[in-house]
Amino acid sequence: MKKYLLTTFVLVFCFNFSFSQKINSENYEVFIEEVYGGTPYMTDELKEIYIQRMEKVEVKKWDGKDYPVLGTIMLRSKYHPEIDYDKAENFDPNKFNPLKYFFNFNGEDEQILRVYGTNYMIVIDPNTTKK
């Protein structure tokens, strides 16, 4: 019985402290507006593409492996030059906007980047499709 309780406790403990989340769909419009607001790139067709891209992104706890940092990816700041990289002092996994970056959303391989100065990583799975 003690062995069963210990195993259950360990599983619950690990589950509660693991972190992995998709981009919150409630933020989609805000994220699209942040990058493309006031531009001709706000059509319904393009918004659907942006949403599909965001659905391919997941924020996870960093697994300790050596990945390129997020700062190695160019920003989409042409229309809004104030857009800045996510890093330790301003990173919030619940507010991470993947549209700010030139990620390869259509490649064949998964892309993993570490958020500098944090214990988070960004995972882009180009094979994820809307269900």
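The values are calculated or read from the model by the stated rules, or taken from the named source; none is laboratory data. This one's a predicted model, so the numbers in the text were calculated from it and none came from an experiment. Quick reminder, even Gly has a Cβ in these numbers, built from the backbone with ideal geometry, and neighbours come from all protein chains shown. With ligands, DNA and RNA removed, areas are computed over all heavy atoms of the protein, side chains included. Shrake-Rupley method; radii C 1.70, N 1.55, O 1.52, S 1.80 Å.
At-a-glance table
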quantity	calculated
Any hit, the range 60-75, residues being closer than 18 Å to Pro126 by Cβ, touching an Asp or Glu at 6+ places or on another chain (Cβ under 8 Å) and not in a helix (DSSP H, G or I)	no
Residues satisfying the stated conditions in the range 80-112, i.e. touching a strand residue (DSSP E or B) at 6+ places or on another chain (Cβ under 6 Å), within 15 Å of Gln21 (Cα to Cα) and surrounded by fewer than 20 Cβ atoms within 10 Å (Cβ to Cβ)	Pro93, Ile112
Yes/no for Arg76 being charged (D, E, K, R), in contact (Cβ under 8 Å) with a residue 24 or more places away in the chain and over 17 Å from Val35 (Cβ atoms)	no
In the range 85-101, the residues that are within 16 Å of Val35 (Cβ to Cβ) and touching a Ser or Thr at 6+ places or on another chain (Cβ under 8 Å)	Lys100
Output for the range 81-131, where each listed residue is in contact (Cβ under 8 Å) with a residue 24 or more places away in the chain, assigned to a strand (DSSP E or B), more than 23 Å from Met42 (Cα to Cα) and of a type outside the set (A, V, I, L, M)	Arg114, Tyr120
For Thr43: the one exception among (1) surrounded by fewer than 19 Cβ atoms within 10 Å (Cβ to Cβ); (2) farther than 19 Å from Asn27 by Cα; (3) among the hydroxyl-bearing types (Ser, Thr, Tyr)	(2)
Any hit, the range 17-34, residues being at pLDDT below 95, surrounded by 13 or more Cβ atoms within 10 Å (Cβ to Cβ) and more than 24 Å from Thr128 (Cβ to Cβ)	no
Residue under evaluation Leu46, criteria (1) at pLDDT below 90; (2) over 25 Å from Met121 (Cβ atoms), criterion not met	(1)
Subset of the range 60-74 that is over 15 Å from Pro93 (Cα atoms) and charged (D, E, K, R) - its residue that is least open to solvent (accessible area, probe 1.4 Å)	Asp63
Residues of the range 116-126 satisfying the condition of being more than 12 Å from Gly64 (Cα to Cα) and under 10 Å from the mean Cα position of the chain (by Cα)	Ile122, Val123, Ile124
Looking only at the range 41-80, and only at residues there that are more than 12 Å from the chain's Cα centre (by Cα) and of a type in the set (Val, Ile, Thr), the one that is farthest from Glu108 (Cα to Cα)	Thr43
